[in-house]
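Q: My questions all concern the structure below.
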Amino acid sequence: MTLPPVVWGSPEWIAAALAVLVVAFLLLLWSYARIPASWRLRVLCATLKAIGVTALALCLLEPLLTGTRARPGANAFAILVDNSESLKIRDAETTAARGENIRNMLVEDSAWKTRLGQDFDVRRYAFDTHVRSVDDFEALAFDGQGSSVATSLAALSHRFKGLPLAGVMLFSDGNRTDLGADVDLSELPPIYPVIASSAETAKDVGVSNVSVSRANFEAAPVVIRADVSSRGFEGEAIIAVVTDEAGNEVERQRLPATDGEKPLAFRFQFRPERTGLGFYTVKAFAESDAAANEAGTETPSIEPTLANNSRLAVVDQGGGPYRVLYVSGRPNWEYKFLRRAVDEDEQVRLVGLLRIARRQPKFDFQAAGSRTTSPLFEGFDNPDEDTAERFDQPVLVRIGTDDEVELRDGFPKDADLYRYHAVILDDLEAAFFTQDQLGLLRDFVSVRGGGLLMLGGPESFADGKYDRTPVGDMLPIYLSGKTTSASQGDFRLKLTREGWLQPWVRTRKTEDDERKRLDTMPGFQSLNPAGGIKPGAAVLAQVTDRAGKEVPALAVQQFGRGQVGALLVGDLWRWGLHRKDENESDFDRAWRQTVRWLVGDVPDRVEIDLKADPEAANAVRIAVQVRDAEFRPLDNADVSVELRLPNGEPVTLAAPSSGRDAGSYATTFAAKTAGPYRVVLKANGPDGSEVGTAEAGWAAQPAADEFARIDADRDYLESLAAATGGEVIDPQDLESFVAGLPSRKAPVSEPWTSPLWHNPWYFLIAIACVVAEWGLRRVNGLA
């Protein structure tokens, strides 16, 4: 506590006061100089009497205490109470819930509220997902499906913008659901949190976070990671179960409980039974509390709540089909094994364009008289564009096309190439393509976002003259050298560190099994050398010759929006041809996973992006990107969104242009009930033609978010108070805090003065010093 400044009310009496003090000090010196006592006693007694005389002499100057205080009734003061469900929790060793404790503190006839109303214009508010004004707090049910602490404070500050708001008293446990809210705390008034609970929860298990990733690993293409917190179950096992929409158990795992500081990390890998969008539930509980977590049971749980024991995970496997264009310079074994492997994948369709004969010269016997050379030798040189038509075109075979028109004129010359998701080039020289087609391939990857994979061979990479071409610029390697041959299978495949981290490069579930698979693979005899690895590229596999030299065998990199891979082994088919067990499917699985990697992240003409809307509770912003046939942003499209609510009811929304970027559209939907939400989107062009459809989904789980943390978040409330100039208040200190609140800084204040002698302690000090001096003389026989 600091004393307010002191001013003199009668400074004209300073001369008289000094005179009195001088005379008094001279008399003290004269009198104590004659006393027969030790010098210590005389100094102490003289000091005590001097203090008492000085305090009385200063009264001649009328010392006044001055300061400023909040003008009574001129400033508003808000009481903001959390009405969320987390206030129903009963902490350890307590009989009342947090909400009941808050309600008891907020009774209307409490002394601190009466005093607060004398000095301020008190406003009452409650909040959960949004803030609202209330007449009193008796009707609070603590059933709100969210706790938007920061957002509610910002909204309250906005309501009082331009008005004198002295502060906000916040009653909450600090557990908030608006973690992503962007609120400038410096714009808020002083916040004074009153923590609803300081005790810790005895026992609790909660699924704090769930994430889903798709892997191009055929045996388990979906990975669900769940962070599970546990407290009070040390020495027991925590069980996590994944179930599908029908309630069927997919996978179950158990891990020993920790001390609660670090969450348990569960990792589930499985293959969904069907493609498309699906919702899975991850549920966790202690093994000793399993009975309370079984479906249909009425066994009470030892946890304070089960609302945080489960979360929904959204799995989007994609709908396909993904179309892959395979272009080869000659019929070979590679296409046979690739097609046989891909045929087992229902979501991938392989379209083949195989050259079975090169361009050959044709003969014009009508012009025989004008020739100077034999027609048998004409056409074997490099003809220019004017003479190229005099020679036959290469003979191409189409396999797996949708109709007789597809690829009828050979490799696409325009955006018709964009109908494919990936292109595989196998043993095909750059001269097969025109310059426009090479540039089209570059745009196919960088603009359309397609995948490109070049396979090794006598006419691939540097041997195919791809250096200084748009395709060569995309490759993850620098082109150099001639194809290397090893007649005795000297090239042995091994994975690099980056390769071990990529699920699609591996074909076995465990590292030991994968190493055994690599050791039993046959050696390869053909390899296209790499002149170097480009910056940003990654080498996933290498081959080692008998001399122990390691050179790249598989390299990948991102190029624009797409992926580019270089498989430098020219006779990968030996792996499938020389496998020891006919039932072994590693080679087929490797091809399917590689193709899945190529097409896995390829965008469609219509894409959906779902994000939480920070401006509204439980709201999701549905952002749509629409592109034309050349994958350029498409404006003036007609975009409609059909929502399927958790109860199956359909809701149709219009998605107008977002006004931000070309081809972007957006709408917002606020979920009112918990559960899975499906989004089916349809986009039509300005001429009414269908552009495409897309599907996505999200899970609204307000209860799981609300109970993500069980214990009161004191650290957050302290940081909130410190950032706004407030302080955290303990419930037992409410009365003393409110009593001192008017002396704090307020928007509307007034000056005040108080005579110092009106304070009893001032005269008590003076009298105490005089009495103490007399007592010392009396004890020592001097009085």
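The values are calculated or read from the model by the stated rules, or taken from the named source; none is laboratory data. These figures come from a predicted structure and were not determined experimentally. Because the Cβ atoms are built from the backbone with ideal geometry, glycine has one as well, and the counts that use them run over all protein chains shown. Accessible surface areas use protein heavy atoms only, side chains included; no ligands, DNA or RNA. Shrake-Rupley method; radii C 1.70, N 1.55, O 1.52, S 1.80 Å.
Q: Report, in debye and to the nearest 20, how large the dipole of segment 523-595 comes out about its Cα centre when Lys and Arg carry +1 and Asp and Glu carry -1 on their Cβ.
A: My answer is approximately 280 debye.
Q: Hey, another quick one. Taking the Cα centre of segment 1-89 as the origin, how large is its charge dipole in debye, to the nearest 20, when only Lys and Arg (+1) and Asp and Glu (-1) carry charge on their Cβ atoms?
A: Charge dipole of segment 1-89: 460 debye, to the nearest 20.
Q: Could you pull out the GluC sites (Glu not before Pro) across segment 1-109 that fall in loop regions by DSSP (anything but H, G, I, E, B) with no more than 16 other Cβ atoms inside 10 Å?
A: Passing both the DSSP loop test and the Cβ count: Glu93, Glu108.
Q: Tyr192 accessible area, nearest 10 Å², 1.4 Å probe?
A: In the full protein context, Tyr192 sits at about 10 Å².
Q: Applying the Karplus parametrisation 6.51 cos²θ - 1.76 cosθ + 1.60 with θ = phi - 60° to the phi angles of segment 687-700, what ³J(HN,Hα) value in whole Hz is obtained for each residue in order, glycine and proline being reported as x?
A: Computed from phi, the couplings for segment 687-700 are 8, x, 6, 6, 8, x, 10, 8, 9, 8, x, 8, 10, 8 Hz.
Q: When the Karplus curve 6.51 cos²θ - 1.76 cosθ + 1.60 is applied with θ = phi - 60°, which whole-Hz ³J(HN,Hα) does each residue of segment 36-50 get, with x for Gly and Pro?
A: Using θ = phi - 60°, the values come out as x, 8, 5, 5, 5, 5, 5, 5, 5, 5, 5, 5, 4, 5, 5 Hz.
Q: Taking the chain as the reference, fit the longest principal axis to its C-alpha atoms, fit the long axis of helix 14-33 to the helix C-alpha atoms, and give the angle between the two in degrees, 0 to 90, nearest 10.
A: The angle comes out at about 70 degrees.
Q: Moving to a separate point now. For segment 1-55, which trypsin sites (Lys or Arg not before Pro) pass both filters: DSSP loop (anything but H, G, I, E, B) and at most 14 other C-beta atoms within 10 Å?
A: Those satisfying the criteria are Arg34.
Q: Could you look at the chain and say what percent of its accessible area is carbon and sulfur, using a 1.4 Å probe and all protein chains?
A: C and S fraction of accessible area: 51 percent.
Q: Under the rule of at least 5 residues apart or a separate chain, name every residue whose amide H is placed under 5 Å from the amide H of Gly531.
A: Tyr478, Leu479, Ser480
Q: About its Cα centre, how strong a charge dipole does segment 610-734 have in debye, to the nearest 20, once Lys and Arg get +1 and Asp and Glu get -1 at the Cβ?
A: The calculation lands at about 520 debye.
Q: What trypsin sites (Lys or Arg not before Pro) in segment 599-696 are in a loop by DSSP, with at most 14 other Cβ atoms within 10 Å of the Cβ?
A: Arg660, Lys672
Q: If amide H atoms are built 1.01 Å from N in the plane of the peptide, which residues on other chains or at least 5 residues away come under 5 Å of the amide H of Gly692?
A: Ala683
Q: Among Thr434, Pro646, Ser152, pick out the residue whose Cα is farthest towards the positive end of the charge dipole of the chain, where Lys and Arg carry +1 and Asp and Glu carry -1 on C-beta, about the Cα centre.
A: Ser152
Q: Here's something else I'd like to know. Arrange the residues Trp573, Trp13 by how much accessible surface each exposes, largest first, with a 1.4 angstrom probe.
A: Result, largest first: Trp13, Trp573.
Q: Averaging sequence separations of C-alpha pairs under 8 Å and six or more residues apart, then dividing by the length of the chain, give the relative contact order as a whole percent.
A: Across the chain, relative contact order equals 16 percent.
Q: Which distance in Å, rounded to a whole number, links the C-alpha centroids of segment 206-279 and segment 699-765?
A: Rounded to whole Å, the Cα centres lie 43 Å apart.
Q: Where in segment 424-468 is the amide nitrogen less than 17 Å from a point lying 7 Å along the Cα-to-Cβ axis of Asp609?
A: Within reach of a label on Asp609, which here means backbone N under 17 Å from a point 7 Å along Cα→Cβ, segment 424-468 contributes 447-449.
Q: On to the next question. What figure, in Å² to the nearest 10, do you get for the accessible area of Ile710 with a 1.4 Å probe and non-protein molecules left out?
A: 10 Å²
Q: Quick one: Cα centre-to-centre distance for segment 1-62 and segment 403-420, in angstrom?
A: 108 Å
Q: Moving on. Quick check on the chain: helices-only [θ] at 222 nm, where DSSP H runs of length 4 and up contribute -39,500 (n - 2.57) each and the sum goes over total residues. Nearest 500, please.
A: -6500 deg cm²/dmol
Q: Taking a 1.4 Å probe, which of Asp609, Asp687 shows the most accessible area, and what order do the others take after it?
A: So, going from the largest accessible area down, we get Asp687, Asp609.
Q: Tell me, what is the per residue accessible area of the chain in Å², probe radius 1.4 Å?
A: 50 Å²
Q: For Phe77, Phe559, write out the residues from largest to smallest accessible area, computed with a 1.4 angstrom probe and no ligands counted.
A: Largest accessible area first, the residues go Phe559, Phe77.
Q: Rg(Cα) of segment 631-721 divided by 2.2 N^0.38 Å?
A: Cα-based Rg divided by the globular estimate yields 1.53.
Q: Hey, another quick one. Taking the full set of protein chains and a 1.4 angstrom probe, give the accessible area of Asp436 in square angstrom, rounded to the nearest 10.
A: For Asp436, solvent-accessible area is about 120 Å².
Q: Moving to a separate point now. Compute the distance in nm between two label points, each set 7 Å from the Cα along the Cα-to-Cβ direction, one at Arg398 and one at Thr114.
A: 9.3 nm
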